Every structure is written in C-alpha cells, then in structure tokens.
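Data block below; observations after.
The values are calculated or read from the model by the stated rules, or taken from the named source; none is laboratory data. The structure presented is a predicted model; accordingly, all values stated were derived computationally and were not measured. Virtual Cβ from ideal backbone geometry, glycine too; neighbours counted across all protein chains shown.
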Amino acid sequence: MTTKAATASRRVFLKQSSALLVMGLLWGPAVEPNPGGKMKKGKRIQLPEAGPMIPPVPAILLTVNGKTGGPDEISVVWTFVVEGKPPQIGISVHKQQVANELIKTHGEFVLNLPVADMVIAFDRVDMSSSRVGDKFKLSGLTRGKAIKVNAPTVEESPIQVECKVFNTIEVPPARTLFLAEVVATTIHVGVCDDKGRLMVDNVPFFGMTAGSGEFYTMGKRVGNIGMTKNRTDIKY
C-alpha cells in the first residue's frame, strides 16, 4: 500500500490490492461474526423506559487540577472521539461533578485509561465524583504529572491523553460538553507497536455496558475499520 493510500480518509475507496494479504499477516485471520453469511433478525419490542443503550462505552478517569489550596480531582466522565486528524475528543460532564467547574477554570485535563486490575479504584472514584476530596488517597492511585498540559495524571494508566478545551456546549438539563484538542498521548512501553498502533491484547482495558451498568474487558476481534475495502491502516 502506498503512502498516499495509507494516509487517506476511511471514506476514500481504494482499489483492491495486496492489502488483504497484509491484513492476514498483521492481524491473523479475522473472526467471522456470522459464518452463515446471514444477519440474524429477531422479534423487536419496546422497553418501558427509553435509555442510551449503546454498549460499550469507554471507561475513563479524567484528571484535572483542583482549586488553589484544594485537592486535585479525578472523575469518571462519558467520553467520545470527535476526530482522528486533527486529534479531538469530547467529554460529557454533569454539573454536579466536581470536575465540571474545574475544567471550565483550567481549560485542560488528562484522560487516563484504566485496566482491569484498576476496576475497584475506578468505581470508588465514580461513586465520589460529586464530592470534593483527595481522590488519589481514596482510590489508592498514584498521582503523576502531564508533559504538555498543567494537570495531574494517574500513573497506573497505560494510556494517557492530554487535552486542551477549544469549545464548551451547555446541554440541558444538567450537562456540559467539552470539546478538546489532544496535544499529547503517552503510553507504557509495550502498549503500541513501533508504528504507534495499539496492541489490544497487551492492554486489558475494560468498557462500561450502557444498559446493564457492568464492566467488561475486550473479547474476540471480529474485524477492523476498513475491512470491507481491504484496509488495515486506519487507527481512528
């Protein structure tokens, strides 16, 4: 695959080439989601209560500086990718969360990816997001320091995404959306290959299943972005 093709948008349709062979060498045989080739249909019912049942969603620990003389903050927030290039993310923060006012004050923060052995610490933080206190002491997590933004980090996190806010949207009745530029991404050695691609099997991260409120680690790989166009170069 040429350099031009490798950097093209996922919406650019490429001619079939030897990429299928490359995909097999890099990833191994893809797991077939439905070997029979027919997508399953089932009887559909309406739930008595509407809800954002879109599992899984990222489990993320946000860290931000506290007020002058006060403790730094760790909060659990809803997180989503806005754009891959330029790298941008969005977070949804409830107005009752301590982090809401602090992000508005400082304009920068870090997203720390937790892994399975951090799940107890994660839940302790989540259940305390509306209270001021030393969340590092509460959770037993280790405070670190970001390299590009003025904010604390969680040292146990294998992936840290440092962000600066460029837009804020108030969403009734009680949430704020912060859109932010990713200015640095740091990892533990062994998390990515030498091209910067995440090696999923090396990171036992977990997600939250919106709809059941449970935490699950990753299961089998069933494909990749661009697989129907023999693409293996898309990371975001």
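Worth pointing out:
- Test: residue in segment 19-29 that is modelled with pLDDT of 50 or more, aromatic (Phe, Trp, Tyr) and surrounded by 13 or more Cβ atoms within 10 Å (Cβ to Cβ): no
- Which listed residue, of VAL125, VAL93, VAL81, is of a type outside the set (Gly, Ala, Ser) and under 12 Å from the mean Cα position of the chain (by Cα): VAL81
- Sole residue being in a loop (DSSP other than H, G, I, E, B) and without any contact (Cβ under 8 Å) to a residue 12 or more places away in the chain, chosen from GLU101, GLU49: GLU49
- Pairs meeting the criteria (first residue in segment 181-193 and over 17 Å from VAL154 (Cβ atoms), second residue part of a loop (DSSP other than H, G, I, E, B) and hydrophobic (A, V, I, L, M, F, W, C), beta carbons under 8 Å, at least 6 apart or on different chains) are VAL183/VAL149; GLY190/MET199; CYS192/MET199; ASP193/MET199.
- Considering residues of segment 149-165 that are without any contact (Cβ under 8 Å) to a residue 60 or more places away in the chain and not polar (S, T, N, Q) only, the residue surrounded by the fewest Cβ atoms within 10 Å (Cβ to Cβ): GLU155
- Residue selected from segment 123-148 under the condition of a type in the set (Lys, Arg) and not in a loop (DSSP other than H, G, I, E, B), by the criterion surrounded by the most Cβ atoms within 10 Å (Cβ to Cβ): LYS135
- Strands (runs of 3 or more DSSP E) within segment 169-236 that include 3 or more residues under 15 Å from VAL115 (Cβ atoms): 206-209, 214-217
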